[in-house]
Every structure is written in C-alpha cells, then in structure tokens.
Amino acid sequence: MRILFFTESLIRGGKERRMLELLKYIKQQTDHEISLVIMEDVIEYEYVYDLGIPIVLIERKGLKYDPRPFIKFYKYCSSFKPDIIHTWTKMSTFYAIPTKLIRKIPLITSMIADALTDHNLSSFDHLFYHTDFYFSNVIISNSKAGLKAYKINSPRAKVIWNGVSLERFQNQYDIVKVRDDLSVTTKFMVIMVATFSLLKDYDLFLDVAKEIQNIRDDVTFAGVGDGSEWERINKRVENEKINNVILPGQQKEVERIIAASDIGILCSNSEGISNSIIECMALGKPVISTDLTGGSKEIILQGETGYCCERNVEKIVYLLDSLLNNTDLRISMGNKAKDRIASDFTIKRMGEEFEMIYKEVLAE
C-alpha cells in the first residue's frame, strides 16, 4: 500500500504531532510505502527526518489561495502513484480534490481536530470545509464532539482518538532538580501546557492563580508554551503581581515538568482531544479541564481521573484546593488516569484503527 500524507506545515501542534506519531507507527509496524507533502518550509518536529520518508515541499507563492499547488500536487501524485491520499488540514484537502477526482484516488481527511461550535455558516471558510467534506471518502475527527460541532452525520465520518507513545513517559525524573531549574520552592505545582492563544484562555488560568494566592501560599502555577499571547500574559503577571505564576516558555522535554507537577489544568474554550490532557494523565496526574462542550469529557472520567467543569473561577479553585488537600485522592486519580491512557490512548490503538480504515477504503 502506498499512502501520501499531505499537510500544511510541521509547526508544534497537536494535529502535527498526531500525524507524525501515525507515520512512525506505519514505518515500524507495516510495510506500506509512505511520503509526506508539506506546503510551508516550517519543520519544528525535527524527528521527522529520522523516519526516513520522502518529504516534498509544495509552496504557495504570494496568494493565500494560490492555484499552482493544484498542478504541483497532481504531478507529484502522478510520480508517487499513491493508493490513498491522507490530508490533515483544510487547505491540503482542498488542493488534493482535483487529483482525487482525475486519478480516482481515495481521499481521507483528518482535518477535524477541534470542537468549536461557533462556526459561521455563511463564511468563506465554512464553504471550504464543506467542499472538503463532500469530496472526501472518509472524514476523521479526533473526537465525537468534533463531528457534532461541524454538524457531520454521515457513515463516512469516523472518530479516532489521539494516541501517544507510552515510552515517552517511562523516564525517571529528578523532580527536585526540575523544580530547582524552574525556581519553584512551593510544596505544590499546577501545570497548564498549551499554546498562548485566545482559544486556550490563559487569562482564566491567571484568574485562578490569583484566587489561590489569596487563600494559600504553597502552590506554583506553571504555564508552559509560547505563542502570540505570551507577552501580554507575562505583562499581566508582572502588573498584577501574581507571584505564584511562572511562564518558562516552550519546553522540548515538557514531560519532565509535568512529572514534577501535582495537577494538570486546561482552561481552553474548547478542544478536540487534547494532547496536553493525555500527557498529564499518562504521567499520573489528575486533570481539571474547563472544556464542557469539546472532547475533554471523552478522555477524563468525571470524578475518577479528574474533572470537567464550567468556566468558573470559584469552581476551579474549589476543585484545585480540594485535590491539593487530599493526597490519597490525588494519587488515586493519578493512577486511574495513567491506566486510562495506557488502555485507550496509545499509538498502537490509534495506528490499528487508521490501518483498518485504509483497508476498508481500498476494499471499497
């Protein structure tokens, strides 16, 4: 089987990591021949080079909707001769449609990785999305909430949860050293790993930290990541003297900081399936998520591995304070969280489900 993967770039993000983990699984567990086409010369996951697969750059020049990639992609497909085209973004799917139709190649799209419910039905983007969906043989979302948000009710629609490599979480970390490196001197640490964007809502994260600061002085809040909102959030920390918050920026080994933490938190407006939540749970941490409409409730077992709660500062503070005061509950939840990921969110499970879809599409 020859599979051509097509995406826009390899910036640091959940969808990009998910695709690379699938590529790694295919290389290690199957004899399929694979190739990767990208549209931007941005590769922040450098381990893609270790996979030993061809990487082809088809750039847009000048225009956002440059027509030339249609031709370039068609020519590359004529050379590679894939049995399946597997796209991962709105634009890569759109650019693949003519080739799919002319060469009669099955098209699978994994472009749904969010569960936002405020899509403008009359927008230009909405037209693109539904054009992509119409011409795709299979539409894959990483959450049930994602299909619901995009109002897709079709037998062509499938859900495959994210998978993580459990080997990433087997290292033994010197927690004292990790905290020393971060200048954390408090008894407890609460971590949020997310891009600094409006969607992730670090303002709510700071509001919670301020309230905790008013009732106890033994907690440090670590916001790990970078993005367009980092500078503004950092200024809020300084101007409002939120002394229990640190913002260490993007970290290559985020696992070590999660391992040194006690509780994971995510203040996003909405998520598909969050890698951040999966990573915290895989390292045995209970998680509190404010994502009531998205996919977090598909990962978190309410009251067993953590909590999904409303976007309310007082409620989040109450849950955090309760967990911090109950060591046995934190450990119990953390152990169940770790078991949950090992059972249902592994690369092996994700890879096998994609493999099944590939075979079904070719059989049809």
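Any read-out appearing in this document is the output of simple, stated calculations on the displayed coordinates, not a laboratory observation. Predicted model only: the values in this text are computed from it and were never measured. Here the Cβ is made from the backbone with ideal geometry for all residues, glycine too, and neighbour counts use every protein chain on show.
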Nearest 500 deg cm²/dmol is fine: what mean residue ellipticity at 222 nm does the chain get from its DSSP H runs of n ≥ 4 alone, each adding -39,500 (n - 2.57), divided by its residue count? -13000 deg cm²/dmol
Which of the trypsin sites (Lys or Arg not before Pro) found in the range 50-108 are in a DSSP loop and have at most 12 neighbouring Cβ atoms, other than their own, within 10 Å? LYS61, LYS64, LYS104
Is the shape of the range 68-195 rounded, prolate or oblate, going by the alpha carbon gyration tensor and its root eigenvalues a ≥ b ≥ c, with a/c under 1.5 for rounded and a/b larger than b/c for prolate? prolate
Stretch gain in nm, segment LYS348-SER9, where the contour uses 0.36 nm per residue and the Cα spacing is subtracted: 119.6 nm
So the label point goes 7 Å from the Cα of ILE55 along Cα→C-beta, right? Which residues of the range 16-38 then have their backbone N under 18 Å from it? 16-28, 34-38
What Rg and what Dmax come out for the range 1-62 when only alpha-carbon atoms are used, in angstroms? 11.5, 40
Using mean Cβ contacts within 10 Å as the protection proxy, how do 305-311, 174-180 order, highest first? 305-311, 174-180
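Between SER332 and SER154, what length in nm is gained on full extension when 0.36 nm per residue of separation is reduced by their alpha carbon distance? Write out the running numbers ahead of the final one.
Details: separation 178, 0.36 × 178 = 64.08 nm, distance 3.94 nm.
Fully extending the segment from SER332 to SER154 adds 60.1 nm.
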At 7 Å along Cα-to-Cβ for each site, give me the label-to-label distance between GLU240 and ASP226 in nm. 2.4
What's the ranking of 7-16, 355-364, 212-221 by average number of surrounding C-beta atoms within 10 Å, highest first? 7-16, 212-221, 355-364
Protection-proxy order for peptides 277-286, 38-47, each taking the mean of Cβ atoms within 10 Å per residue, highest first: 277-286, 38-47
Considering just Cα atoms, how many Å³ per residue does the convex hull of the chain enclose? 141
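What is the calculated FRET efficiency for TYR173 to ASP31, with r their C-beta to C-beta distance and R₀ = 35 Å, to the nearest 0.05?
0.45
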What whole-number value in cubic angstrom gives the convex hull volume per residue for the C-alpha atoms of the range 245-318? 102
Using a/c under 1.5 as the rounded threshold, could you call the range 123-188 rounded, prolate or oblate? The axes a ≥ b ≥ c are square roots of the C-alpha gyration tensor eigenvalues, and prolate needs a/b larger than b/c, oblate otherwise. prolate
With r as the distance between the Cβ atoms of TYR45 and ARG216 and R0 = 35 Å, compute the FRET efficiency 1/(1 + (r/R0)^6) and round to 0.05. 0.35
Which whole-number percentage describes the relative contact order of the range 166-344, with Cα contacts under 8 Å and a sequence gap of 6 or more? 22
Taking a ≥ b ≥ c as the square roots of the Cα gyration tensor eigenvalues, with a/c under 1.5 meaning rounded and otherwise prolate when a/b beats b/c or oblate if not, the range 166-344 comes out rounded
Working out 0.36 nm times the residue gap between LEU292 and SER79, then minus their Cα-Cα distance, what length gain in nm do you get to one decimal? 72.1 nm
In this structure, the FRET efficiency calculated for LEU116 and THR185 from their beta-carbon separation, with R0 = 35 Å, to the nearest 0.05, is 0.35
